[in-house]
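First comes the structure, then the notes that go with it.
Values in this text are rule-based calculations from the coordinates and carry no lab data. Quick caveat, the model's predicted, so the values are computed rather than measured. Note: ideal-geometry Cβ built from the backbone for every residue, glycine included; neighbour counts use all protein chains shown.
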């Protein structure tokens with residue numbers, strides 16, 4: 001298969017199907033793929049009665065990006081507390097102040113928090129005890145006692161199991177390399193953070209630049225991570241932003257290391273760009289791609305409202321009650337364009353040659369981004385995997401706002417209100433029965 005795959009749109013229900021869409025150059029046959037899956041399943045340990053929930057590393061990376069609200073590649077105590085609070089609200093939607101062990105055992109994230117210390121059957125756990133156990137788990141996972149968790153420590157807390165094989169491309173999914181030989185004198189990973197002659201420092205529109213080798217951690221192979229914030233020259237009210245505000249699209253590039261830069265996973269001559277989730281505002285991990293030999297890029301959508309709190313209000317200038325058309329434009333499509341542009345530019349700089357194939361992979365918000373790439377950048381991608389695309393955006397936002405509108409227009413005028421717990425009760429229970437309205 002060659003360029004005939006260009007612009008084909010794949011749809012799927014799970015983000016982990018990404019590699020299956022990258023058919024160009026694939027040497028394995030479908031039977032080999034299924035055999036590989038069976039071998040992997042055979043090597044996964046059976047879960048015990050209380051623990052050993054198998055968490056995939058790609059899922060852990062994605063969750064890490066969501067919890068890491070300030071994008072510093074560390075999860076501090078405050079960020080982890082917010083994660084635990086979100087989990088508690090899921091376990092106790094009616095705000096009773098306590099949950100039973102059975103509710104915890106049914107929630108994979110809660111099981112990950114508790115590990116092997118889930119209370120015995122018949123016991124009741126209070127909100128305070130839940131927060132205390134979260135804190136204990138955080139402290140135990142903080143192996144170097146610096147008050148924060150790196151990706152490896154967070155993966156350990158979640159119970160991520162090491163891959164059943166060594167860190168390499170699984171034989172059933174290995175792609176034939178399309179990369180040519182590397183010319184001598186190419187910049188190292190660290191040099192990509194230097195001056196414009198060999199790196200991006202001083203490049204117009206680029207700020208907050210870092211370039212570093214992320215070492216292997218026993219699960220992920222080492223790779224070169226380049227991060228920066230990009231502004232294409234847009235700023236202020238004339239371009240739809242608030243006063244004093246400019247375009248600021250955070251971009252993360254992942255590059256499998258060249259052999260002369262300490263690499264163990266060979267670049268396969270391809271790019272696999274990664275989609276996001278929710279309302280974005282975070283930088284998703286790229287190791288799902290770099291571990292398999294792809295260069296990759298992800299972005300925060302052009303705003304810093306972390307998804308952990310599902311803050312979708314970035315599109316409004318609150319002080320003026322006006323749409324922030326600049327951030328809306330960046331979120332809807334602009335970041336997808338610059339993600340493609342910069343991933344290809346960094347590939348050319350680091351490997352000294354262009355990528356031979358470029359793919360998109362994403363689900364939900366990432367699926368919507370994939371459709372945007374298909375519509376606006378058809379010449380930039382050779383294959384697009386867009387799963388569960390979140391395209392009915394107006395309906396989503398109206399659904400989110402509906403309870404607030406009902407409370408405002410129909411209840412508060414009568415001196416009544418609904419608490420978040422009561423709203424959750426009406427949403428989650430198949431027969432919520434009569435709900436007593438609270439007095440304002």
Worksheet entry | Distance in nm between pseudo-label sites at residue 120 and residue 413 (7 Å out along the Cβ direction from Cα) | 5.7 nm
Worksheet item: Relative to the present Cα-Cα distance, how much length would full extension add between residue 401 and residue 320 at 0.36 nm per residue of separation?
Response: 27.2 nm
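Considering only the stretch 171-273, what is the antiparallel percent among its DSSP beta bridges, to the nearest 5?
In the stretch 171-273, approximately 95 percent of DSSP beta bridges are antiparallel ones.
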Worksheet, complete the sentence: From the Cα centre of the stretch 311-386 to that of the stretch 120-155, the distance in Å is 35 Å
Worksheet item: Label-point separation (nm) for residue 146 and residue 100, each offset 7 Å from Cα along Cα-to-Cβ?
Response: 4.4 nm
Response to the item:
Listed with the fewest Cβ neighbours within 10 Å leading, 398, 280 appear as 398, 280
Practice prompt. Obtain the nm distance between the two label points defined at residue 333 and residue 81 by a simple spin-label model: each point lies 7 Å from its Cα along the Cα-to-C-beta direction.
Written response: 4.3 nm
Discussion item. Taking 0.36 nm per residue of sequence separation and subtracting the Cα-Cα distance, how much length would be gained by fully extending the chain between residue 128 and residue 232, in nm to one decimal?
Written reply: 32.7 nm
Item to complete: Please report 419, 151 as a ranked list, fewest other C-beta atoms within 10 angstrom at the top and most at the bottom.
Response: 419, 151
Item to complete: Just rank 81, 220, fewest to most, by other beta-carbon atoms within 10 angstrom.
Response: 81, 220
